[in-house]
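What follows is a short report on a single structure.
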Amino acid sequence: MPSSETGSGDTARPDVQPPDTSLPFEGRDRNDVDPDRAMQQLLAAGGRPPHRDRPFDIAGRELSPTRIIELLTPFMTERRMRRIREVVGERTRTVLPVVEGLVNTGNVSAVMRSAEALGYQDVHVVKGSNEKRYKHSKRTTQGAQHWLDVWRWPDADAFVRAMHDSGYRVVVTALREDAKSIREVDFTRPTALVVGNELEGASDAMLELADEAAIIPLNGFTESFNVSVAASIGLYHAREDRIRRQGHHADLSQEEQEALVARFCLRSVTNAESIIERVLSDLQSS
């Protein structure tokens, strides 16, 4: 989606450029990158939804999502707008991808890329007690982080409490004594699906606090998947489980979709806020 798109009959506009989906560390030799800084830049790249009780605040003005879309539509191709609405129409926040204590930027990038491609809007990142010094990998998100909302938590306790307060159960992928096959998990229920550290798995605190534990069945001699692979399999399974049980994966309300379309428009148009301010000023003076 972040790539440049022009449909037949569309005229290129000077104000419209695809968003910069690169990160400062992408394409560089891993030895030239500070892993700690690279991880912080990756996690900070995600978006944040506006407060649900107030409209967007753009250039000192409170604007509704519909108004933002109206103002930016002339600066986008029809194909781009159509694609934004198609993607938003496939989003869900009922299932939340969660990573805990991950230390490798490549694995975090891979989880983000899978989550975005499979229609999940939020990714939660929990700082783990077993977190070591970050490691850098040249694998990238392909720009996925710019279309996700990335939430960060200081520890398992704060994360689980927040999930319970919001009506989510927490399911951790781990070999806990009561672990069941992921096939037995009903993902039509609000669920936070947690994968743990690349080397040590989920933290003891997460294992203790999680409501359920699930495993991905293995048939070979290998005892576990790479964490990014496990997350991708789990998220794909959750998507298919939701479709099988209720006939659809996406479930954002029309109001939620309109707000997300507005946010994606803001990310798709270069200098969007300046353009909105200029257009509103022109309308006011005319």
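A search for C-beta distances below 6 Å between a residue of the stretch 163-186 that is in contact (Cβ under 8 Å) with a residue 12 or more places away in the chain and on the phi > 0 side of the Ramachandran plot and any residue that is surrounded by fewer than 17 Cβ atoms within 10 Å (Cβ to Cβ) and part of a loop (DSSP other than H, G, I, E, B), counting only pairs 6+ apart in sequence or on different chains, returns Gly167/Pro190. Evaluate the following for Ser232: is it crowded, with 20+ Cβ neighbours inside 10 Å and touching a residue at least 40 places away in the same chain (Cβ under 8 Å)? Considered against the rule, which asks whether it is crowded, with 20+ Cβ neighbours inside 10 Å and touching a residue at least 40 places away in the same chain (Cβ under 8 Å), Ser232 comes out as yes. More than 22 Å from Gly60 (Cβ to Cβ), in contact (Cβ under 8 Å) with a residue 12 or more places away in the chain and open to solvent by 70 Å² or more (accessible area, probe 1.4 Å) - does that describe any residue in the stretch 259-282? No, the stretch 259-282 contains no residue that is more than 22 Å from Gly60 (Cβ to Cβ), in contact (Cβ under 8 Å) with a residue 12 or more places away in the chain and open to solvent by 70 Å² or more (accessible area, probe 1.4 Å).
Screening His237 with (1) out of contact with any Leu (no Cβ under 7 Å at 6 or more places or on another chain); (2) open to solvent by 50 Å² or more (accessible area, probe 1.4 Å) gives one miss only, at (2).
Of the strands (runs of 3 or more DSSP E) lying entirely inside the stretch 124-243, those containing at least 2 residues that are modelled with pLDDT of 95 or more and over 19 Å from Ser114 (Cβ atoms) span 169-173, 212-215.
Within the stretch 178-224, work out how many residues are β-branched (Val, Ile, Thr) and in contact with a Phe, Trp or Tyr (Cβ under 6 Å, 6 or more places away or on another chain). Going through the stretch 178-224 one residue at a time, the tally reaches 0.
Quick test for you: out of Leu193, Leu209, pick the one residue that is within 18 Å of the chain's Cα centre (by Cα) and surrounded by 14 or more Cβ atoms within 10 Å (Cβ to Cβ). The match here is Leu193. Screening Ile182 against (1) surrounded by 14 or more Cβ atoms within 10 Å (Cβ to Cβ); (2) under 20 Å from the mean Cα position of the chain (by Cα) leaves a single unmet condition, (2). Annotation for the stretch 110-118: no member residue is among the β-branched types (Val, Ile, Thr) and either part of a loop (DSSP other than H, G, I, E, B) or under 25 Å from Ile275 (Cβ atoms) (or both). If only one of Leu102, Leu71 is part of a helix (DSSP H, G or I), more than 23 Å from Thr188 (Cα to Cα) and not polar (S, T, N, Q), which one is it? Selected residue: Leu71, the only one of Leu102, Leu71 that is part of a helix (DSSP H, G or I), more than 23 Å from Thr188 (Cα to Cα) and not polar (S, T, N, Q). Residues that are part of a helix (DSSP H, G or I) and at pLDDT 85 or above within the stretch 34-68 comprise Pro65, Thr66, Arg67, Ile68, listed in sequence order. Of the residues making up the stretch 249-280, just one is farther than 23 Å from Thr77 by Cα and of a type in the set (Ser, Thr, Tyr), namely Ser253.
Candidates are the residues of the stretch 240-258 that are under 30 Å from Asp157 (Cβ atoms) and out of contact with any His (no Cβ under 8 Å at 6 or more places or on another chain); the one that is most open to solvent (accessible area, probe 1.4 Å) is Glu256.
The values are calculated or read from the model by the stated rules, or taken from the named source; none is laboratory data. Everything numeric here is computed off the predicted structure, so don't read it as measured data. Here the Cβ is made from the backbone with ideal geometry for all residues, glycine too, and neighbour counts use every protein chain on show. These accessible areas exclude ligands, DNA and RNA; they are computed on the full protein's heavy atoms, side chains included. Shrake-Rupley method; radii C 1.70, N 1.55, O 1.52, S 1.80 Å.
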